[in-house]
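Right, one structure below, let's go through it.
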Amino acid sequence: MHFITSSFLASFVFVSGLVSAGAPEVAVDVGHGLVDGGARSARGRQEFEFNREFAGILVDALRQRDLAVREVNFDGLIGSLAERPRQAAGSTFFVSIHHDSIASNWLQTWDWDGVEESYTDVKRGFGIFVSERNPDLATSLRCASTIGAVLRRRGFVPSTWHSRKHLAADAANGVWYYDNLVVLHRTNLPALLFEAGVIKHREEELELRDPERQATMADALATGLAACLSVGPPKLAVRGRLRK
């Protein structure tokens, strides 16, 4: 588990414009696509639409912090999971943007605009995933924990639901191991997958579509990545993987 000190957080929360020529390049991948739209929200919207919308806001936030950006799958046409990290080759860091759902046995149904849709009231919050099979796990973990810490400082709450299936990398900051995610281990780059929230949760779905909240969350991700990629590794206490 990684712990980030408050003094380190204070040193980067307001970082902006510190990276100039030769800036690190972040590859931002839009999860799912036009054919595989991903999960369906409580109000019938495809996950891909949430992913692409938020990824666009994140791209702007990263560029505002003088990070270079490579856009991956913004047109939704990539069909292969392995093709996503291939298109990111040569970048500094890979981030795949997603929104979360829940297993069908936790779903209920309701009428939304004349259509029966499914929803949940039991799971909400963000999640960050890394793979132990990634070739640069140390950087992946460092950036994931940094992002999670900034998100928490901005008022976002990580989901605890992932403890049911995943081992904690840094549970306090919402970071979990998901070793078999193709986009995280079929790459030479440090990488993480970000779940912005649960679109099956009726209240959180609306929050995830709020422009002000989207901008705040995107800025938190950009702040964490800019710090992680530009000021060097924080002083971390490495405790290893937690096993139940």
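The values are calculated or read from the model by the stated rules, or taken from the named source; none is laboratory data. From a predicted model like this one, the values you see are computed outputs, not experimental measurements. Quick reminder, even Gly has a Cβ in these numbers, built from the backbone with ideal geometry, and neighbours come from all protein chains shown.
What to note about this one:
- Residues being in contact (Cβ under 8 Å) with a residue 40 or more places away in the chain and surrounded by fewer than 19 Cβ atoms within 10 Å (Cβ to Cβ) - total across the stretch 96-116: 5
- Of all residues making up the stretch 66-100, the number that are modelled with pLDDT of 95 or more and over 24 Å from P135 (Cα atoms): 6
- The set of residues in the stretch 83-120 being part of a loop (DSSP other than H, G, I, E, B) and either of a type in the set (G, A, S) or under 18 Å from R70 (Cβ atoms) (or both) consists of A88, A89, G90, S91, T92, S101, A103, G114.
- Subset of the stretch 216-236 that is surrounded by fewer than 18 Cβ atoms within 10 Å (Cβ to Cβ) and part of a helix (DSSP H, G or I) - its residue that is modelled with the highest pLDDT: T216
- So L77, is it in a loop (DSSP other than H, G, I, E, B) and either out of contact with any helix residue (DSSP H, G or I) (no Cβ under 6 Å at 6 or more places or on another chain) or charged (D, E, K, R) (or both): yes
- Residues located in the stretch 154-181, provided they are surrounded by 15 or more Cβ atoms within 10 Å (Cβ to Cβ) and at positive phi: G174
- Here is the figure for the stretch 1-28: residues that are under 24 Å from R152 (Cβ atoms), at pLDDT 95 or above and surrounded by 19 or more Cβ atoms within 10 Å (Cβ to Cβ) total 2.
- Neighbours by Cβ (under 6 Å, 6+ apart or cross-chain): first from the stretch 175-204, farther than 13 Å from V95 by Cα; second of a type in the set (D, E, K, R) and in a strand (DSSP E or B): V198/D100
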